[in-house]
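Structure first, then comments.
The values are calculated or read from the model by the stated rules, or taken from the named source; none is laboratory data. For clarity, every value in this text was computed on a predicted model and none was experimentally measured. With ideal geometry, Cβ positions are generated from the backbone for all residues, glycine too; neighbour counts draw on all protein chains shown. For the accessible areas, the whole protein counts, side chains as well, though only heavy atoms, and no ligand, DNA or RNA atoms are used. Shrake-Rupley method; radii C 1.70, N 1.55, O 1.52, S 1.80 Å.
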Amino acid sequence: MEKPRIRIRADGTLPEASRQALFTAYGNGRRDAGRSDLPEMNGWNPPPGFAGSNSYGERDAILGRARDLDKNNAWINGGLDRRVESVIGGSIRLAAQPELTILNRDYDWRMKWTAKTEARFKVWGKDIERRCDARQTLTFGQIAKLAYLTYLRDGEAAAEIRDDQRGISNTTNVLLFEAERISTPSDRMLEEGPLLRNGIAFASSGAPIGYYVASRHPADSAGRQGADRWDYVPRFGKTGRAKLVHVFSPRFAEQNRGISRLAEAMVPAKMLDRVDRAEVQAALKAAILSFFIKSPGSTDDLQQALAPTGNDNEVDAWVEQYLDYRTKSPVRMDAAQIIHLLPDEDVVTPDANHPNTNYPAFARFVLQKVAASLGISYPQLSQDWSGINYSSARALLNELWRSFLEDREFFTQQFCTPIYAAWLEVEVANGDITIPGGPANFYRNKTAICMAEWIGPGRGSVDPLKEANADNLDTAAGRKSTVEAILERGRDPSDVLAEEDWYLKERAKRSMDAPNHNVKAAPTGAEDDPSETEPAGVPPAQPERRAA
């Protein structure tokens, strides 16, 4: 390539021709992602947009489609259920963890305090009359499960923390409602701006301070005689107690409403839905058994019989007898369609080709995209576990487990912990649970006292023996605590310790030795000789060497 000729003025600047020559020879240094002259980038100029803007139309359309997929698409419905089962499960449990350093207490106090607190919360959350639920329908664990499903499918979940006298000392109860009821009142639409967006009132710092909640769902047509009403619910009460919980996972800094997690899966899901129906219809058509009966006689005979002209001599007597016989005795066959053809008519059957001969591969490709959007694995979504070995199953489980833990941590801290803190405030006020320094210290160290983790479903196991041995080695080497190993199984370490203590005492009462858990399974094919078993982690005895 010929080198460009560059001229420089006396003052050190470049003439326009020299700048153009440099531009042509060496490029302008721009990134390809910002260019428009590439075929892939031509015409692709979406505006950045503002995540906090009023986008009712788009959000409502996505929400309606997400709920329709949940109701009518088996893949999406099952995928959502698998995610909920893995992250929340049927009954998520409180693990209170007050910060000892801030409270100036020891670990022994913490264990006694958390045991009582967790027991009282468990009784409140599993009240047989469901008084923890404003509608008295669900337990707390079931409320959390439904809220997470709503958050996953709709993109956001909302609940009001209320107080009602229901015959128990703690008046706290939770009202779960559809988040689209949070909306700007019709008479305040012109006020939308930095301090009011999408039904949420903001402080000048951008923090939400309250919500306008419609008294009924926008799609509820019952009782529409009166004017619609919006109630303003502050985010926190006068003492700082949470009054309304609104959970969504923002992907932009100024986003204030959630978008369904199914948004990215909608197009492939609908594509698969259409192909799936076409495939089933083709299979049904190919499976239909049909008989075609070719009638005797000429076309003129049947034409005269079907549309007589009044001349009886034109119709042979056998034709009338034939029509009468077929009318009284039609040809029938189970699960078959019988069709009578006129004389000289023939049947041309089309080829029974399916719309897509590679349908299984196509369905797998689409379901992989849907599974990635939902944050689960393809085998979980499709229930197709063929081709999964131990190594791939372990890698799959490790990847999913990090995703489940991250989602569980985010959702429970946004939804469950504020409800627990509101419940605990009433317990302290009633004197049912004591706080170091008295009730006033609850507000001074509220965060340190209300800190909590939530125990959901366990991690699962691909090969229990291998994973148990790995846990033993990690625990012995100090890379993992016993508590951590128990939590991975979805159990509460305090419950396990109490059960083990009771079990050992009961064995001692019956003069039974403590069980020996450190034994290895006998090798395959070896006799069950107890003397050959060795503690796990102890190397086998080496054979004695003898001199030649």
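Calculated FRET efficiency, residue 249 and residue 95, Cβ-Cβ r, R0 22 Å, to nearest 0.05?
0.45
Using alpha carbons only, what's the Rg to Rh ratio of the range 375-450 with Rh from Kirkwood?
Working: Rg = 20.9 Å, Rh = 15.8 Å.
With Rg and the Kirkwood Rh in hand, the quotient comes to 1.32.
Going 7 Å from the Cα of residue 434 toward and past its Cβ, which residues in the range 107-132 have a backbone nitrogen under 14 Å from where you end up?
Under cut-off, by backbone N: 109-110, 112-114, 116-117.
Suppose R0 equals 45 Å. What FRET efficiency, 1/(1 + (r/R0)^6) with r the Cβ-Cβ distance, do residue 481 and residue 383 give to the nearest 0.05? Write out the running numbers ahead of the final one.
Details: r = 35 Å, r/R0 = 0.79.
Using R0 = 45 Å, I get an efficiency of 0.80.
Order of 169-177, 257-265 by packing, highest average Cβ count within 10 Å first?
On the way: 169-177: 19.2, 257-265: 21.1.
Packing order, densest peptide first, comes out as 257-265, 169-177.
D for the range 440-496, whole µm²/s, Stokes-Einstein with Kirkwood Rh over alpha-carbon pairs at 4 °C and 1.567 mPa s: what number?
Result for D is 96 µm²/s.
Would you list 401, 423, 385 from the most to the least accessible area, probe 1.4 Å?
Numbers: 401 25, 423 0, 385 130 Å².
Sorted by accessible area, descending: 385, 401, 423.
Using only C-alpha positions, report the orientation-averaged shadow area of the convex hull of the range 54-196, nm², one decimal.
13.0 nm²
Compute the length gained on full extension between residue 188 and residue 403: take 0.36 nm times their separation in residues and subtract their Cα-Cα distance, giving the result in nm to one decimal.
Length gained between residue 188 and residue 403: 73.4 nm.
Does a label point 7 Å from the Cα of residue 123, set along Cα-to-beta-carbon, have any residues of the range 412-436 with amide nitrogen under 16 Å, and which are they?
So the set is 424, 426-434.
Please work out how much length the chain gains when fully extended from residue 500 to residue 68, using 0.36 nm per residue of separation minus the C-alpha to C-alpha distance, in nm with one decimal.
150.7 nm
Rounded to a whole number, what is D in µm²/s for the range 238-287 from Stokes-Einstein with the Kirkwood radius over alpha-carbon pairs (37 °C, 0.692 mPa s)? Intermediate results must be reported in sequence, preceding the final value.
Numbers: Rh = 15.2 Å.
The calculation lands on 216 µm²/s.
Write down the Kirkwood hydrodynamic radius of the range 402-512, to one decimal in angstroms, obtained as one divided by the mean of 1/r over all alpha carbon pairs.
17.3 Å
About its Cα centre, how strong a charge dipole does the range 55-192 have in debye, to the nearest 20, once Lys and Arg get +1 and Asp and Glu get -1 at the Cβ? All intermediate terms of the calculation are to be shown ahead of the outcome.
Details: 23 positive and 23 negative charges, 155 e Å.
Using only the charged Cβ atoms, the result is roughly 740 debye.
What whole number of Å gives the distance from the Cα centroid of the range 188-252 to the Cα centroid of the range 259-277?
31 Å
So what's the projected area for the range 154-228, the Cα convex hull averaged over all directions, in nm²?
Numbers: hull surface 29.7 nm².
Its average projected convex-hull area is 7.4 nm².
What ranking, highest mean first, results for peptides 234-240, 181-187, 139-145, 371-377 when packing means the other Cβ atoms within 10 Å averaged over each residue?
Going from most to least packed, we get 139-145, 371-377, 181-187, 234-240.
FRET efficiency for residue 368 and residue 107, Cβ-Cβ distance as r, R0 = 35 Å, nearest 0.05?
0.15
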